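Read the structure below first, then the notes.
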Amino acid sequence: MFAYKNDEVSVLYLSYRPGPPLDEFVDHFWLIDGGQVPQLEKIIPSGTIELVVNLKDDQIHIHDPEEPHLYKQFAGVVLSGTYSRPFICNALQHESIMGVHFKPGGAFPFLEIGADELANAHANLADLWGRPGLELRERLCAPATSEQRFAIMERALVNRLHSDTHTILRRQVRSAVRMLATGGDGARVRSVSQELGFSQRRFIQVFRSHVGLAPKVFSRIQRFQQARVLAETLDAPDWADLALTCGYFDHAHLINDFKEFSGSTPRIYSVQLHHKNERLKENHVPLQVR
């Protein structure tokens, strides 16, 4: 378990990596306590699905990126589908909140539907799981310790993980995720599908149902993420050099991906990073209303 505490702002962030069998599907569990601030935050796509539980209030608001004052209200336990564009949340909801960060394609066995049906959308967990989805939040709110909460979440997911006939297909998707993670174009997708023994059409269908995105879009998001993470390590990024380093054809293609996936140009994104602090999760950026 990883713990981070900032006494100056009274934020507690915990991260826990489950063991087998969940380690095949889940990257980590997380919990934030005391992270609320009166601001909207933009959440940037990462190619993954997230299960989020508001432990303070039985509601979660997701704001419209085009009109941030508008929002949809969900119950206190939601699945955030695989996004190909940014969406907005209210950081006041981070007073006490936890979640599951699935690996790309890892949420598929727990969804009861194809991951593509959740693309660019949120859904109440109860709509997919029924009563167990309603009861999960009640059980998570009762314990006094984070260790107990992580244990409850772990048991809930293990109980829904039944052996099935799709193990080989999941492994093929996992292999495709690894091969596409460095970015690429349509030719790259063709080569991956051929290597795995699929027709290109069948490969795209299988990948979308497990991951939630077409493989080419997923690959572009991974390349964008590589550029974003590298830029955050630099005081003054040279975006043209960074584009070449991350495998972009040219600077213009990097700019287009930043606009599509972060909602900002690289220059504006750099300005937003100056307002980032310890309260923010990975892939969260303060929203600057212009």
How many residues, within the stretch 23-45, are in contact with a helix residue (DSSP H, G or I) (Cβ under 7 Å, 6 or more places away or on another chain), surrounded by fewer than 21 Cβ atoms within 10 Å (Cβ to Cβ) and either closer than 21 Å to SER175 by Cα or of a type in the set (Asp, Glu) (or both)? 1
LEU213 fails exactly one of (1) among the aliphatic types (A, V, I, L, M); (2) at pLDDT 90 or above; (3) part of a helix (DSSP H, G or I), namely (3)
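For the structure I just gave you, tell me whether GLN205 is modelled with pLDDT of 95 or more and either part of a loop (DSSP other than H, G, I, E, B) or surrounded by fewer than 17 Cβ atoms within 10 Å (Cβ to Cβ) (or both).
yes
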Do you know which of the residues in the stretch 218-244 that are of a type in the set (Gly, Ala, Ser) and part of a helix (DSSP H, G or I) is farthest from PHE261 (Cα to Cα)? ALA240
Is one or more of the residues making up the stretch 108-117 under 25 Å from TYR16 (Cα atoms) and touching a Pro at 6+ places or on another chain (Cβ under 9 Å)? no
What are the residues in the stretch 38-89 that are part of a loop (DSSP other than H, G, I, E, B), touching a residue at least 24 places away in the same chain (Cβ under 8 Å), among the polar types (S, T, N, Q) and farther than 26 Å from GLN226 by Cα, if any? GLN39
Among the residues of the stretch 102-151, what is the count of those that are out of contact with any His (no Cβ under 8 Å at 6 or more places or on another chain), among the small types (Gly, Ala, Ser) and not in a loop (DSSP other than H, G, I, E, B)? 5
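Check the stretch 201-222 and report whether any residue there is in contact with a helix residue (DSSP H, G or I) (Cβ under 7 Å, 6 or more places away or on another chain), more than 19 Å from THR82 (Cβ to Cβ) and of a type in the set (Gly, Ala, Ser).
If we filter the stretch 201-222 for residues that are in contact with a helix residue (DSSP H, G or I) (Cβ under 7 Å, 6 or more places away or on another chain), which is where we start, we get 203-204, 206-212, 214-216, 218-222.
Filter once more, so that each one left must be more than 19 Å from THR82 (Cβ to Cβ): none.
The answer is no, given that none of the residues of the stretch 201-222 is in contact with a helix residue (DSSP H, G or I) (Cβ under 7 Å, 6 or more places away or on another chain), more than 19 Å from THR82 (Cβ to Cβ) and of a type in the set (Gly, Ala, Ser).
The values are calculated or read from the model by the stated rules, or taken from the named source; none is laboratory data. Note that this is a predicted model, so its numbers are computed, not measured. So basically every Cβ, Gly included, is an ideal-geometry build from the backbone, and we count neighbours across all protein chains shown.
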